[in-house]
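Read the structure below first, then the notes.
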Amino acid sequence: MFKLDQFIEDCRAAVITAEPEQAVREIVRSALADRARIAAELPDPPHSGFVVLHRAPELTILDFTWAPWMSFKPHNHCMWSVVGIHSGREDNLFWRRVSQTIEAAGARSLGAGDVAILGRDIIHSVVNPIGKLTRAIHVYGGDFFAPPQPRSEWVPETLVERPWDMDDTQRLFREAEARARQGD
Ligand SMILES: [Fe+2]
């Protein structure tokens, strides 16, 4: 049965194992087997965005809420991560660097119960393709807010690289939420 405190403790133990990504993936997978319990422990918040469930130098756990139809810019993490969807759908587009820009390299659509490991150098963008919230737990193998190298994002229109901008990130969530409310 999913209990947030125990989930965090299990992830803390997993990140010091020999294969932390796989260990965390199994923890997230078993948590997602009881999605009604997750919904009870992590009810839909009043606003889209992310809530920090745990932050430490070797582990960050974020509770994501993607606004309906939200599209989120390409970015990297500079650390591995595990994504688990507990409701809705998260379409991931994966990118690779080519000279001064990036090109699309693959995609994976994740629905409720799905879990994915993202490697430390992955570049991805995210779309919530449905007209309701998508909820996801993202576990990162480091301090998401203080990565070992500076993180990047890519301008969606031009695919030009620039430093990760947290203010812009917050703005994207606010705007997506406002657009969804207008459409209600
Ligand atoms: Fe990401």
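The values are calculated or read from the model by the stated rules, or taken from the named source; none is laboratory data. Note that this is a predicted model, so its numbers are computed, not measured. Reconstructed Cβ throughout: ideal geometry from the backbone, glycine too, with neighbour counts over all protein chains shown. In case anyone asks, the SASA skips ligands and DNA or RNA and just uses the protein heavy atoms, side chains included. Shrake-Rupley method; radii C 1.70, N 1.55, O 1.52, S 1.80 Å.
Descriptive notes on the structure:
- Near pairs, Cβ below 6 angstrom, 6+ apart or cross-chain, from the range 81-97 (part of a strand (DSSP E or B)) to any residue that is among the charged types (D, E, K, R) and open to solvent by 20 Å² or more (accessible area, probe 1.4 Å): Val82/Arg25; Ile85/Asp114; His86/Arg35; Asn92/Arg108
- Single unsatisfied condition, Val83 versus (1) within 13 Å of the ligand (Cβ to nearest atom); (2) among the hydrophobic types (A, V, I, L, M, F, W, C); (3) open to solvent by 60 Å² or more (accessible area, probe 1.4 Å): (3)
- Evaluating Ile102 against the criteria (1) among the aliphatic types (A, V, I, L, M); (2) within 15 Å of the ligand (Cβ to nearest atom); (3) under 26 Å from Leu133 (Cβ atoms); (4) open to solvent by less than 10 Å² (accessible area, probe 1.4 Å) leaves one unmet condition, (3).
- Taking first residues from the range 164-184 that are without any contact (Cβ under 8 Å) to a residue 60 or more places away in the chain and partners that are aliphatic (A, V, I, L, M) and surrounded by 14 or more Cβ atoms within 10 Å (Cβ to Cβ), no Cβ contact under 8 Å between residues at least 6 apart in sequence or on separate chains turns up.
- Count of the range 119-141 residues which are within 13 Å of the ligand (Cβ to nearest atom), closer than 17 Å to Phe173 by Cα and surrounded by fewer than 20 Cβ atoms within 10 Å (Cβ to Cβ): 1
- In the range 1-49, the residues that are more than 20 Å from Gly113 (Cβ to Cβ) and either of a type in the set (A, V, I, L, M) or crowded, with 18+ Cβ neighbours inside 10 Å (or both): Ile8, Ala13, Val15, Ile16, Ala18, Pro20, Ser48, Gly49
- When the range 86-99 is filtered for residues that are over 19 Å from Pro147 (Cβ atoms) and either away from the ligand (no atom under 12 Å from the Cβ) or among the hydrophobic types (A, V, I, L, M, F, W, C) (or both), the ones remaining, listed by number, are His86, Ser87, Gly88, Arg89, Asp91, Leu93, Arg96, Val98, Ser99.
- Members of the range 57-80 found to be touching an Asp or Glu at 6+ places or on another chain (Cβ under 7 Å), more than 13 Å from the ligand (Cβ to nearest atom) and over 18 Å from Ser125 (Cβ atoms), listed by number: Pro57
- With respect to the conditions (1) within 16 Å of the ligand (Cβ to nearest atom); (2) without any contact (Cβ under 8 Å) to a residue 60 or more places away in the chain; (3) open to solvent by 10 Å² or more (accessible area, probe 1.4 Å); (4) not small (Gly, Ala, Ser), His54 falls short on a single one, namely (1).
- Residue check for Ala112: more than 14 Å from the ligand (Cβ to nearest atom) and either acidic (Asp, Glu) or out of contact with any Ser or Thr (no Cβ under 9 Å at 6 or more places or on another chain) (or both): no
- Under the condition of being under 12 Å from His77 (Cα atoms) and β-branched (Val, Ile, Thr), the residues counted in the range 136-184 number 1.
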